[in-house]
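Single-structure report; data block below.
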Amino acid sequence: MAHTLNLTLRIWRQSDRDARGEFRTYDVRGISTHMSFLEMLDVLNEQLIQQGEEPVAFDHDCREGICGQCGMMINGQAHGPDRETTTCQLHMRRFENGQTITIEPWRARAFPVIRDLVVDRSAFDRIIQAGGYISVRTGQAPEANTLPVPYEDAEKALDAAACIGCGACVAQCKNASAMLFTAAKVSHLALLPQGQPERRRRVVNMVARMDSEQFGNCTNTYECEAACPAGISVGTISRMNREYLKARLAGVEPNL
Amino acid sequence: MNVSLLAASTSPAERWVYAGMLAANLVLVSVLVGRLGSSLAKKYVMSLTGLALCGFLVIHLIGNAMMLFGAETYNAYADSLHKDEAALKVGEFALLFLFVAHIWLGLVTAGNNRAARGRRYDEEHVKRQDRTAGEFLAPDYWMLVSGLVIGAFLILHLWDFTIEGRPDIGYSDKTPFEKAKAILAVPWTKIAYVVGSVFLGWHLGHGVASSFQSLGIGNARRNRAIRWGGVAFAWLVALGFGIFPLISAYL
Ligand code: FES
């Protein structure tokens, strides 16, 4: 097996929000199979800079799968072919020597492209603002055992809290729906005692915000779950559907 | 021979009643959809109407099964449906409502979903590992297409059996049993009914389980049962309805 790869990259280039954008093809040579996908792009960018061309813009920060910045479509799959893996964690050994790799930004009306592979995901921030918070009393830290949380609930809540907000669920969904993201946030807080005061208001407002950001509807195709680097389950979507129904039946109206 | 059966071919007046029902339902549903504030509410209505229609399919299939017991039983069943004409019309109105609401919402959400993507991907592949083979046949990617085919089939079916508008079938001198046999004896109709049944099964292969998820009934433990139950029901419907056009000549 070859330890270095020569690759052809087809990358979406778009100079700004309003530019038309197009695919451009680049060759990179001698890519180590131990490199991460982002390191491979770094090599490309070094090359482009040396040639006096604009480097490819892509979001990244932690490069260890926790910040959720590095999403891109790799050969038509969000974060590439691996399960529960972000682009920064994807190794080049997953690719073949001589392969062509198509790299596109997330595509959703709610996530406009800012430049090349970078999209504006502030729609997610606005969904969080609509209800992804709890009310706490200020003052001293409470005694640790004042709010007992059943083990099962704590586990489920933390599973949902693992969401890193990368947007792969939206990108991979054929409808560009943000249900998995929103459901993860709703589930996380609905399962914990700290989240109870705003429980109903939260789900109603977050869903209203999600809709107004013009994400698509959920068709229960479950591609989101398969693309999620944090392994969020579509069970959270079922929970949100339940929570929302209960809240609306209780007469809670959205109030953004 | 029951006289009422011989007179069962729909009169022009009755056709106007059906046209009125359809118009009323279109108005009703347009008002309802306008009042559904959120994407989730749309999905609830989609699911509830879908599941209710599945309930209707079960009753319909039981009705079909009467054919297996011979002309007498089937005609008696058909006649019993027409005992109370007013109640039947109410039932038909409700049924039409379910269809109109389901189809309307299907079209609305499909439009939203297309728009939500914006520019399409140049390359797009599934990530579900249980989907990598035969991904292009997965019913959830084809709900709009299968739904439209079923809708077209529904129009034909209603034209054949409810409106009784087929010029090639002499309705007026036939019992319900004879009508069904005559309609299903036409080769292209036979094919259309089998195709309709298959598409219906395909649609339900995703629709049933999906409805439970949209209504928030599923959870990790129940989901397997719901999924397989949905697929089993889909097969039952496809085979159950699809078999009659094939065996009608022997009944
Ligand atoms: S760069 Fe932080 S998750 Fe990839």
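Read-outs: derived from the displayed coordinates by stated rules, not from any lab. Because the structure is a prediction, the values reported are computed rather than measured. In this analysis, Cβ positions are derived from the backbone assuming ideal geometry, glycine residues included, and neighbour counts consider all displayed protein chains.
Of note:
- Annotation: the residues A:Ser177, B:Ser172, sorted from fewest to most other C-beta atoms within 10 Å of their own C-beta, follow the order B:Ser172, A:Ser177.
- Set B:Lys89/B:Lys181; A:Lys185/A:Lys246; B:Lys43/B:Lys89; B:Lys89/B:Lys190; A:Lys156/A:Lys185; B:Lys83/B:Lys181 screened for pairs whose C-alpha atoms are more than 19 Å apart: B:Lys89/B:Lys181; B:Lys43/B:Lys89; B:Lys89/B:Lys190; B:Lys83/B:Lys181
- For the range A:67-73, the Karplus equation 6.51 cos²θ - 1.76 cosθ + 1.60, evaluated at θ = phi - 60°, returns couplings of 8, x, 8, 8, x, 7, 7 Hz by residue, with Gly and Pro reported as x.
- Considering only chain A, percent of DSSP beta bridges that pair antiparallel, nearest 5: 80
- Report note on the peptides B:73-81, B:54-62: ranked by the mean count of other C-beta atoms within 10 Å, highest first, their order is B:73-81, B:54-62.
- Taking other C-beta atoms within 10 angstrom as a stand-in for reagent exposure, B:Phe244, B:Phe93, B:Phe136 fall in the order B:Phe136, B:Phe93, B:Phe244, fewest first.
- Antiparallel bridge percentage (DSSP; both residues within the range A:4-115; nearest 5): 80
- Label-point gap, in nm, between B:Thr162 and B:Leu246 - each point 7 angstrom along Cα→Cβ: 2.7
- 36 Å tail of the calculated P(r), chain A, as % of Cα pairs: 22
- For the range A:125-256, projected area of the alpha-carbon convex hull averaged over all directions, nm²: 8.4
- Long-range amide H partners of A:Trp106 with built H, under 5 Å: A:Met73
- Quarter of Cα convex hull surface for the protein assembly as shown, i.e. mean projection, nm²: 30.8
- Per-residue average of Cβ from other chains inside 10 Å of B:209-217: 5
- Virtual spin-label span in nm between B:Arg35 and A:Ala154, 7 Å along Cα→Cβ: 4.6
- Helix-only arithmetic for the protein assembly as shown: the sum of -39500 (n - 2.57) across DSSP H runs with n ≥ 4, divided by the residue total, places the mean residue ellipticity at 222 nm at -17500 deg cm²/dmol.
- Residue order, fewest to most surrounding Cβ atoms within 10 angstrom, among B:Lys174, B:Lys83: B:Lys83, B:Lys174
- Each residue of the range A:237-249 was assigned a 3J(HN,Hα) from its phi angle through the Karplus expression (A = 6.51, B = -1.76, C = 1.60, θ = phi - 60°), giving 5, 4, 4, 5, 4, 5, 4, 5, 4, 4, 5, 5, 5 Hz with x at Gly and Pro.
- Rg to Rh, two decimals, where the range B:12-250 supplies the alpha carbon set and Rh follows Kirkwood: 0.99
- Expressed as a whole percent, the proportion of Cα-Cα pairs in the range A:110-196 lying more than 15 Å apart is 66%.
- For the range A:97-147 versus the range B:28-96, the spacing of their alpha-carbon centroids is 44 Å.
- Between the range A:19-36 and the range A:174-237, the alpha-carbon center distance in angstrom: 34
- Between amide H atoms placed 1.01 Å from N, distances below 5 Å from B:Gly218 occur with B:Gln213, all of them 5 or more places distant or on a separate chain.
- If R0 equals 30 Å, the separation of the Cβ atoms of A:Val136 and A:Ile49 corresponds to a calculated FRET efficiency of about 0.05.
- Residues A:Ile114 and B:Trp228, FRET efficiency given R0 of 45 Å [Cβ-Cβ distance, rounded to 0.05]: 0.50
- Over the range A:4-115, volume per residue of the alpha carbon convex hull, in Å³: 103
- The calculated FRET efficiency for B:Ala152 paired with A:Asn97, based on their beta-carbon distance and R0 = 56 Å, is about 0.65.
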